[in-house]
Amino acid sequence: MSQLSVLLATEGTYPFAGGGVSTWCDILIRGLPEVDFTLYAVTGTPNVAYRYDLPANVRRVIHIPLWGTEGPAEYILADLPFAQIYRRKRATTEEVIAQRFIPLFRRFLEGIEVRETSVTDYGLVIHGLYRYFQEYDYNLTFKSQQTWEVFKEETLRPYRERPGAFRGDEVPNAFDLTTALRWLYNMLMPLNAPVPRTDIVHTTVAASCGLAGIIAKFEYGTPFIVTDHGVYARERYIAVSATDFTFFAKRFLINLALFFSRLNYAFADQVSPVANFNRRWEVPLGADPRRVVTIHNGVDPGRFRPAPKPAKHRDLPVAVAAARVTPIKDIKTMIRATALARREVPDLKVIVYGSLRADPLYVQECRDLVAELGLEEHFEFGGFHSEPHRIYTEGDISLLSSISEGFPYTVLESMACGVPVVATDVGGVREALEGVGIIVPPKDPEAFAAGMVRLLTDHNLRLTLGRRGRETVLARFRISATVEGYRTAYRQMANGRQQTTG
């Protein structure tokens, strides 16, 4: 077979940020040197730098910042000649907006409110909006009075038609509506980015970046695969619910996230969660269960392997964690559990290795909690670690306190190092850790502390679980199995397309 080409769509991760999804992307690309990858990278802002040295088979990076630009021409359309951008502006008249954009935009807004499982009719809407923005100006279209009037009319429709379903303070005011339209302007920026022709589109999350797969399917007949790590719809529920936004703002953002996910699942030729757990979200949101194929994450047991504990920590009971300090990792529960565990393990030391930049406000809240509980000498924020395979063997045990996960590398890596894990029962954690670690409910400091104490005070249990963990990785969770799963999927999709078009 000739060299395959894949458009790999990411959102807030590879190649501009660290974390589990980015690790997965790097493993996938390096493990498939026979595949040419184009990265379709959606980011929050344009001011990002590469966190990875890109492999030779990454042929191009299409960077799509959602926020922080004057308009699409600044980054997304930077390769277009000025004359072409100028022609788009000249062509974007109020008549064109009325005839070609408004009907599509109205249908899109209807889709955000859709409650039935199937959203296949809206695929043509997504493709139509994409085709429109390849000819006409994004800024002028969204700033049109017509766009505002239709947005206001359709967004208010549920509140107008079902007034008994909402309290008075739940109905949006003018500020709410203008804010939501600005959000939509930014979040739909991927519709303005040219989608290149490739053999396959593969999105790493069922979010706005995955719209490229729907566009390519209509534009070129390209097969489309969705990989779910942490389920996007679930994690948006968690993140948005934790904000102090108004009822309307939360409802709008959650509905939009659900719509994006439903669209991804509806048009995917294969949905590959990294854990079986994710099926319980994917199928109710419209994924065809016959097309759901779990491909678990894997690690390199040659790189992540047992090693002696460093001398500086040899006489201390030490727990380590590899986690960005963000709310979804729930570091506060880990801090509170540390305070409780010290009642039985007084000289306990916990070290968290991971980015302190992703959410500075949350980092400060965690530091304040450490000070409040008097843990300054017992709980350390180690920041980014350039050699992740050395993190786990610094401790006697490792910790994961997340409230949402996919199939976390940190658990697999610790298991491969022979270091037993205390982890919350979220996502696919149980699929990896059942019988080889301690699993506790999320957001339960007492249970988490009890798990820490049990492992730290029982030497034989630590050794037994550590040995079983590595054996499990060797038997079930190697990188080679993960990569081969996607190699097989790519070949099957490419062969199917050739037979269809041949």
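Restricted to the range 203-259, and to residues that are part of a helix (DSSP H, G or I), aromatic (Phe, Trp, Tyr) and free of Cβ contacts under 8 Å to residues at least 24 places away in the same chain, which residue is farthest from Pro172 (Cα to Cα)?
Just the residues of the range 203-259 that are part of a helix (DSSP H, G or I), to begin with: 208-220, 232-241, 247-259.
Now restrict to residues that are aromatic (Phe, Trp, Tyr): 218, 220, 232, 237, 247-248, 252, 259.
Those still in the list that are free of Cβ contacts under 8 Å to residues at least 24 places away in the same chain too: 220, 237.
Details: Tyr220: 40, Tyr237: 20 Å.
The selected residue is Tyr220.
If you take the residues in the range 107-129 that are in a helix (DSSP H, G or I) and β-branched (Val, Ile, Thr), which one is surrounded by the fewest Cβ atoms within 10 Å (Cβ to Cβ)? My answer is Thr120.
Counting just the residues of the range 260-294 that are among the aliphatic types (A, V, I, L, M) and part of a helix (DSSP H, G or I), which one comes out surrounded by the fewest Cβ atoms within 10 Å (Cβ to Cβ)? Don't jump to the end; show me each part of the working.
First pass over the range 260-294, keeping only residues among the aliphatic types (A, V, I, L, M): 263, 266, 268, 271, 274-275, 283, 285, 287, 292-293.
When the remaining residues are screened for being part of a helix (DSSP H, G or I), the result is 263, 266.
Details: Leu263: 26, Ala266: 19.
Taking the candidates together, the pick is Ala266.
State the number of residues belonging to the range 429-439 that are assigned to a loop (DSSP other than H, G, I, E, B) and buried (at least 24 other Cβ atoms within 10 Å of the Cβ). So that I can check it myself, show each step before the final result.
Quick first cut of the range 429-439, residues assigned to a loop (DSSP other than H, G, I, E, B) only: 434-437.
Those still in the list that are buried (at least 24 other Cβ atoms within 10 Å of the Cβ) too: 437.
The total comes to 1.
Among the residues of the range 91-106, those that are without any contact (Cβ under 8 Å) to a residue 40 or more places away in the chain and either outside the structural domain of Phe151 (by TED's automatic domain parsing) or not in a loop (DSSP other than H, G, I, E, B) (or both) comprise Glu95, Gln99, Arg100, Pro103, Leu104. Taking the stated definitions as given, is Met452 buried (at least 19 other Cβ atoms within 10 Å of the Cβ), in contact (Cβ under 8 Å) with a residue 40 or more places away in the chain, in contact with a Phe, Trp or Tyr (Cβ under 9 Å, 6 or more places away or on another chain) and not in a loop (DSSP other than H, G, I, E, B)? In short, no. On the given criteria, is Ala337 not assigned by TED's automatic domain parsing to the domain that holds Gly44 and not in a strand (DSSP E or B)? So Ala337 passes the test. None of Thr472, Thr482, Thr457 is out of contact with any strand residue (DSSP E or B) (no Cβ under 8 Å at 6 or more places or on another chain), within 26 Å of Pro301 (Cβ to Cβ) and assigned by TED's automatic domain parsing to the domain that holds Val320 except Thr472.
Kindly check whether there is at least one residue in the range 306-319 that is in contact with an Asp or Glu (Cβ under 8 Å, 6 or more places away or on another chain), among the basic types (Lys, Arg), under 19 Å from Gly395 (Cα atoms) and part of a loop (DSSP other than H, G, I, E, B).
In the first step, residues of the range 306-319 are kept if they are in contact with an Asp or Glu (Cβ under 8 Å, 6 or more places away or on another chain); the result is 309-310, 313, 316-319.
Retained after the next criterion (residues that are among the basic types (Lys, Arg)): 309.
Filter once more, so that each one left must be under 19 Å from Gly395 (Cα atoms): 309.
Going one step further and asking which of them are part of a loop (DSSP other than H, G, I, E, B), we end up with 309.
Within the range 306-319, one or more residues are in contact with an Asp or Glu (Cβ under 8 Å, 6 or more places away or on another chain), among the basic types (Lys, Arg), under 19 Å from Gly395 (Cα atoms) and part of a loop (DSSP other than H, G, I, E, B).
Looking at this structure, is Gly428 within 24 Å of Glu235 (Cβ to Cβ) and free of Cβ contacts under 8 Å to residues at least 40 places away in the same chain?
Details: within 24 Å of Glu235 (Cβ to Cβ): yes; free of Cβ contacts under 8 Å to residues at least 40 places away in the same chain: no.
In short, no.
Are any residues in the range 390-439 modelled with pLDDT under 95 and among the polar types (S, T, N, Q), and if so, which ones? Within the range 390-439, just Ser404 meets the criteria. Would you call Glu413 surrounded by fewer than 24 Cβ atoms within 10 Å (Cβ to Cβ) and either without any contact (Cβ under 8 Å) to a residue 40 or more places away in the chain or closer than 30 Å to Thr204 by Cβ (or both)? So Glu413 does not fit the description; no. With respect to the conditions (1) surrounded by 17 or more Cβ atoms within 10 Å (Cβ to Cβ); (2) assigned to a helix (DSSP H, G or I); (3) in contact with a strand residue (DSSP E or B) (Cβ under 9 Å, 6 or more places away or on another chain), Ile64 falls short on a single one, namely (2).
If you scan the range 357-368, which residues turn out to be touching a residue at least 24 places away in the same chain (Cβ under 8 Å) and either more than 19 Å from Ser398 (Cβ to Cβ) or in a strand (DSSP E or B) (or both)? If you could, list the steps in order and put the result at the bottom.
Step one: filter the range 357-368 for residues touching a residue at least 24 places away in the same chain (Cβ under 8 Å), giving 358-359, 362-363, 365-366.
Within the range 357-368, Ala358, Asp359, Tyr362, Val363, Glu365 qualify.
Annotation: Ala371 fulfils all but one of (1) among the small types (Gly, Ala, Ser); (2) under 30 Å from Gln492 (Cβ atoms); (3) assigned to a helix (DSSP H, G or I); the unmet one is (2). Of the residues that make up the range 174-193, is at least one assigned by TED's automatic domain parsing to the domain that holds Gln84, surrounded by 15 or more Cβ atoms within 10 Å (Cβ to Cβ), of a type outside the set (D, E, K, R) and farther than 21 Å from Gly68 by Cα? No; the residues of the range 174-193 include none that is assigned by TED's automatic domain parsing to the domain that holds Gln84, surrounded by 15 or more Cβ atoms within 10 Å (Cβ to Cβ), of a type outside the set (D, E, K, R) and farther than 21 Å from Gly68 by Cα. Scanning the range 130-139 for residues that are surrounded by 20 or more Cβ atoms within 10 Å (Cβ to Cβ) and either in contact with a Phe, Trp or Tyr (Cβ under 7 Å, 6 or more places away or on another chain) or not in a loop (DSSP other than H, G, I, E, B) (or both) yields Tyr130, Tyr132, Phe133, Tyr138.
Take the conditions (1) in contact with a helix residue (DSSP H, G or I) (Cβ under 7 Å, 6 or more places away or on another chain); (2) modelled with pLDDT of 95 or more; Ala233 misses just one of them, which is (2). The requirement of being in contact (Cβ under 8 Å) with a residue 60 or more places away in the chain and part of a loop (DSSP other than H, G, I, E, B) is satisfied by Glu405.
The values are calculated or read from the model by the stated rules, or taken from the named source; none is laboratory data. This structure is a prediction, so every number in the text was calculated from the model and none was measured. We place every Cβ from the backbone using ideal geometry, glycine too, and count neighbours over all the protein chains shown.
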